[in-house]
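The values are calculated or read from the model by the stated rules, or taken from the named source; none is laboratory data. All figures in this text were calculated on a predicted structure; none of them were measured in a lab. Methodologically, a virtual Cβ is constructed for each residue, glycine included, from the backbone with ideal geometry; neighbour enumeration extends over all protein chains shown. With ligands, DNA and RNA removed, areas are computed over all heavy atoms of the protein, side chains included. Shrake-Rupley method; radii C 1.70, N 1.55, O 1.52, S 1.80 Å.
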Amino acid sequence: MNYARVIGCGGYLPERVMPNSELEDLVDTSDDWIRTRTGIRQRHIAREDETTSEMACNAALGAIDMAGIEAGSIDLIIVATSTPDLIYPSTACLLQKRLGIRNGAAAFDVQAVCSGFIYALSIADQFIRSGTMRRALVIGADMNSRILDWTDRTTCVLFGDGAGAVILGRSDEPGIYKTLLHADGSYSEHLQVPSGVSNPTADPYIRMHGNEVFRFAVQAMDEIVDETLADTGFTRKDINWLVPHQANLRIISATVKKLGMSMDDVILTVAEHGNTSAASIPLALNTGVRDGRIRQGDTLFMEAVGGGFTWGSALIRY
Ligand code: UT7
């Protein structure tokens, strides 16, 4: 039987760090409000000339190096992003060019906002399980700073930029046990960037009904725990690490409670990274692996909610 297994991970954060204090100069907010309501202390902001594919490439190089593989052995590249470099070609194709991969590997983007990495991971898992592909590069990369209204205190304090990457390889043993993907487009107006190709003159910034997103996220993350564990033979006690989407510490705390875990069992990056959308889970994974907390054989639970609404989870043996 084929399984997909994480054989390397990487992360990239832009050099520039923006602490909460800097936002106090831009909008009517305070470090105390941001910390108390969200857990965020700072975020990284991309250079003006930086691109999503460049961030993705930096994260990919770390994952390729850790996996100890040649980039040319990758046969599938999926980039989860809501902030592509161009309308087309896809950021995945631009990344393929940056990595110099010319073996005909399939490359495409996935757009599921903050759940994008879970969506991309699940798609890559299906290809590897079916035997169609051997090795996948799965990336979450977002440059939220470009679509933030820096005069809107209800959104600009929440987000940051970054990219995270994993290499999935084919294995006889799991690996990825199970992924779940969900969406309900009837909630689309609660979190959106109104402008687009069909509507180029509309508002180009992230607009969010924070309370509605918060309520939905807590409930969806509560429900997805049991749904994910069902029929796997795993119980909550088998989970070593929660590697959640990092939007708000209070949403994460609610999931921790549901799992009967302690905050010490969570890889938390929200304080340092803010919400990096599709990048937040692979960045958290990379943090936990590189600082030695996540070890080979550990069982990980990943979960995310994002615009759409989309939501999903992954149960993984690292
Ligand atoms: O990645 C997935 C998508 N995003 C999320 O998961 C985010 C989900 N939502 C949230 O995390 C929270 O709803 C927020 C952090 C966005 C907001 O926290 P909240 O506790 O739900 O606050 P609120 O929206 O109920 O606002 C409370 C007060 C309001 O003032 P009044 O009406 O009570 O006078 C806001 O105007 O806080 C005010 N407020 C702020 N004050 C200082 C809103 N933003 C700010 C701010 N600084 N940045």
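Among the residues that make up the range 5-18, is at least one of them in contact with a Lys or Arg (Cβ under 9 Å, 6 or more places away or on another chain), among the small types (Gly, Ala, Ser) and open to solvent by 10 Å² or more (accessible area, probe 1.4 Å)?
Checked the range 5-18: at least one residue is in contact with a Lys or Arg (Cβ under 9 Å, 6 or more places away or on another chain), among the small types (Gly, Ala, Ser) and open to solvent by 10 Å² or more (accessible area, probe 1.4 Å).
Name the residues in the range 19-33 that are more than 6 Å from the ligand (Cβ to nearest atom) and in contact (Cβ under 8 Å) with a residue 40 or more places away in the chain, would you?
Residues satisfying the conditions are Asn20, Leu23, Leu26, Val27, Asp28.
Hey, can you tell me all the residues within the range 37-59 that are farther than 18 Å from Trp150 by Cα, open to solvent by less than 90 Å² (accessible area, probe 1.4 Å) and of a type outside the set (A, V, I, L, M)?
Selection gives Gly39, Glu50, Thr51, Thr52, Ser53, Glu54, Cys57, Asn58.
For the range 226-245, give me each residue that is touching a Gly at 6+ places or on another chain (Cβ under 8 Å) and either surrounded by 17 or more Cβ atoms within 10 Å (Cβ to Cβ) or among the β-branched types (Val, Ile, Thr) (or both).
If the condition is that a residue be touching a Gly at 6+ places or on another chain (Cβ under 8 Å) and either surrounded by 17 or more Cβ atoms within 10 Å (Cβ to Cβ) or among the β-branched types (Val, Ile, Thr) (or both), then Trp241, Val243, His245 are the ones that fit.
I'd like to verify a number: residues in the range 138-177 that are within 30 Å of Asp231 (Cα to Cα) and touching an Asp or Glu at 6+ places or on another chain (Cβ under 6 Å), how many?
1
In the range 36-69, what count of residues is obtained for those that are within 16 Å of the ligand (Cβ to nearest atom) and free of Cβ contacts under 8 Å to residues at least 40 places away in the same chain?
1
Before we move on, is Glu70 among the acidic types (Asp, Glu), touching a helix residue (DSSP H, G or I) at 6+ places or on another chain (Cβ under 9 Å) and either surrounded by 16 or more Cβ atoms within 10 Å (Cβ to Cβ) or farther than 19 Å from Asn144 by Cβ (or both)?
Yes: the conditions hold for Glu70.
Are there any pairs with C-beta distances below 8 angstrom linking a residue in the range 142-170 that is touching a residue at least 12 places away in the same chain (Cβ under 8 Å) and farther than 30 Å from Gly131 by Cα to a residue that is acidic (Asp, Glu) and open to solvent by 30 Å² or more (accessible area, probe 1.4 Å), with the two at least 6 apart or on different chains, and if so which?
Filtered contacts from the range 142-170: Arg153/Asp28.
Examine the range 307-316 for a residue that is within 16 Å of the ligand (Cβ to nearest atom), under 24 Å from Ile147 (Cα atoms), buried (at least 20 other Cβ atoms within 10 Å of the Cβ) and aromatic (Phe, Trp, Tyr), and state whether such a residue exists.
yes
How about the range 267-303: which of its residues are buried (at least 20 other Cβ atoms within 10 Å of the Cβ) and in contact with a Gly (Cβ under 6 Å, 6 or more places away or on another chain)?
Ile267, Val270, His273, Gly274, Thr276, Ala278, Ala279, Pro282, Leu283, Asn286, Ile294
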